[in-house]
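Below is one structure, written out as structure tokens; comments come after it.
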Amino acid sequence: MARITNKSAGTRFMIVLQLSLVSIICFALIRGGLLVRAWPHIDHFSSAWLYIFGQGLIYDVSFISYFSIPFVLFFLFLPNRWLHSGTARYLTQGGVFLILYGLGFCMVAEWYFWSEFGVRFNFISVDYLVYRREVTDNILQSYPVFTILAVLFILTGFVFYFIRPAIVKNLSVTESFKKRVIIAGGLLMLPLLSFCLIGQSLRCVSGNNYVNELASNGPYQLFAAFRNNRLDYRQFYVTGNDHDLSARLKKQVIKAGEKTQKDDYDIGRYIKAQGAANKLNVMLVTVESLSAKFLTRFGQANNITPFMDKWFEQGMLFTRFYATGTRTTRGLEAITLSIPPTPGRSIVKRPNNSRMYSLGKVFEDSGYDTAFFYGGRGFFDNMNAFFSGNGYRIVDEPCLGSEEITFKNAWGVCDEDIFNRAVREANQAYTARKPFFFHIMTTSNHQPFTFPEGKIDLAPGEGRGGSGRFGGVKYTDYALGQFMNQAKQQPWFDNTIFIVVADHCASSAGKVGLPVEKYHIPLFIYSPKHIRAMEIDTLASQIDLAPTLLALLNISYQSYFFGKNILGSDFKFKGRALIANYQKLGLLKKNELLFLSPGKQINRVLLNDEAPVLEKVSMDYPGVSDLMAYYQGADYVFTHQLNRWALPSSERNICYLSDIRLFSKASHRK
């Protein structure tokens, strides 16, 4: 009789249910904490809170059901005699402790991730897992990691102390395999239902981005980002007739008289310059996270860019220029390929992304020494593979000798070090009587915002006396000033164009749609002997940089570029900017933003002095055809490889070091 009572006293699966309840409480707590931080951006809280916590609970349960699958199966098939053994008890309790510890770690990670990006886990967090060395070093240098881990250990022990008796009790239950099958079957129905019914569309109900993010579950979004690293455009986005949209796209990007193929979306044409080419050298500096708002010209009151504030008055400053995306790879993609962003991951990080008509390829074919300089390891974000496959040679941190490195952190050497190397290589190219095109990607204006001490009047680092982002910006400004002072002493200075542009803004979170102000960046072109000082207020974006630069140099070239010459007089540039994140694809015109979203949605945001309002529109709405033509065309061009050149002209993945050329692989073994 006692045996029968013991069999009906409970179930081993209560351990799964107890952990699920603790997880739901923890997810609700982090959601509540993030809600407090987002409070100023949320209107009509009385109606929003129900969606935030109700929809959030659905995502919480969905994630927990997926995560519980291996544990449900474990308890289903584990025989009673093994369950009652000492080994099983210790292993189970140890596993519960680790799960609780991991749950606490996840909460802390979400808190800091929101601090930097204003969203739950997404593609960025996936990259953080892939590139562990850079990210781990960055985290260790940015946060008191070991203190946090120790506190988490204590808190986990506290929670474990209270739930341990119930765990031990449930490990002593004896139940038949039939009963276990019934309970496990019920529990396994939850992930099945989640797979069939729960998707990303449920987190797009509100017109407020913050509300939608809060109604999500961080770990669920992390795994969703793994699964959807490239969204099938034609499956998730509204599409139109290819022939009609192709004709509209060609009208947008091809000048009258330029010949192109009749095939859909084949925008390949030969850009014929008027007169001889002016083969000036080019130093293109892409500055990490240089939002326009950091410059005094755009309203900054803290004097953190003293050099740029004066320098930008001496050349051509584009005041209404926008980044196409929110990540470095998006900026590099747009500048290099002049192609609108496609949903999911950047082309820079995708396979089969070589031999594309790029800015580097144009310069290489024009006889330039063409190189991509990066202060970190170019393996990160697949930059080395992308640039070496598209007409550039690579100079990254492993190419620098120890004597060239004065300071380095998680992301690589300081900006001064990579600028110094670029000057050395420019001198070599000048000596060889070869024009050069050097694309330099900086790293210093990135968390943990550490840089050489004694350079500026702000302390490096974040927290504990460090100046954080403002310090990173001011050091970047200082390094640019040192770079220009050094360049002015070189014999090639008078015949060089210097370009400064950001890869993206310092933050991208916003309340409605695509927050336009979080895409505003400076573009500055400087060559005192060749370009007069002026401000250009034409609305444009990063895809327009390459055609504008090549037009200034009067270079003829084969083009598959979507962008246009902003300064063109014979083909009047109609102001517009393409901006996007990994899902929303936007077209900005004057005071209106149109964008496409997964689920075949088309939205409109009217930008004015008051709060922007999001509304759905149909395919017939003015401007939607242009929007669809750009993005459907970009997807078609990439997937059908229309913008490829036939064969690589040479192997360019090498590093300069003084007068010696070293193959990249050899140099990386140093």
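No lab work stands behind these numbers, since they all come straight from the coordinates. On a predicted model such as this, the values are computed, not experimentally measured, just so you know. Heads up, the Cβs are rebuilt from the backbone with ideal geometry, glycines too, and the neighbour counts pull from every protein chain shown.
Points to keep in mind about this one:
- Ascending count of other beta-carbon atoms within 10 Å, so fewest first, for C399, C26, C414: C26, C399, C414
- Rounded tilt (10° steps) of 415-431 against the dominant C-alpha axis of the chain: 30
- Principal-axis tilt of helix 132-142 within the chain, Cα atoms, nearest 10 degrees: 90
- Cα gyration tensor shape of region 344-405, rounded if a/c is under 1.5, else prolate or oblate by comparing a/b with b/c: oblate
- By the helix-only formula, in which each DSSP H run with n ≥ 4 contributes -39500 (n - 2.57) and the sum is divided by residues, the chain has a 222 nm mean residue ellipticity of -14000 deg cm²/dmol.
- Per-residue ³J(HN,Hα) for region 590-599, Karplus 6.51 cos²θ - 1.76 cosθ + 1.60, θ = phi - 60°, Hz, x for Gly and Pro: 6, 10, 9, 10, 10, 8, 9, 9, x, x
- Beta bridges assigned by DSSP with both partners in the chain are antiparallel in approximately 60 percent of cases.
- Each of the peptides 516-526, 366-376 was scored by the mean count of other Cβ atoms within 10 Å over its residues; in descending order, highest first, they stand as 366-376, 516-526.
- Centre separation in Å (Cα based) which lies between region 42-83 and region 393-451: 48
- Positive-pole candidate from L83, F436, A502, dipole of the chain, charges at beta carbon: L83
- Cα-centred dipole magnitude for the chain, charges only on beta-carbon of K, R (+1) and D, E (-1), debye, nearest 20: 1760
- Whole-number percent relative contact order across the chain, with pairs defined as alpha carbons under 8 Å at least 6 apart: 19
- Estimated FRET transfer efficiency (R433, E535; beta-carbon r; R0 41 Å; 0.05): 0.70
- Listed peptides 55-61, 554-560 appear in the order 55-61, 554-560 once ranked by packing, highest mean of other Cβ atoms within 10 Å at the front.
- A simple packing score, the average count of other Cβ atoms within 10 Å per residue, orders the peptides 158-165, 590-597, 333-340, 33-40 as 333-340, 590-597, 33-40, 158-165, with the highest score first.
- Phi angles across region 617-630 convert, under the Karplus curve 6.51 cos²θ - 1.76 cosθ + 1.60 with θ = phi - 60°, into 3J(HN,Hα) values of 10, 9, 5, 7, 5, x, x, 5, 4, 5, 4, 5, 4, 4 Hz, Gly and Pro given as x.
- Cα centroid separation - region 155-219 against region 543-595, whole Å: 48
- Reported label for calculated Cα Rg over 2.2 N^0.38 Å given [x] 1.07; [y] 1.23; [z] 0.97: [x]
- Positive dipole terminus of the chain, leading residue within G54, A611, F387 (C-beta point charges): G54
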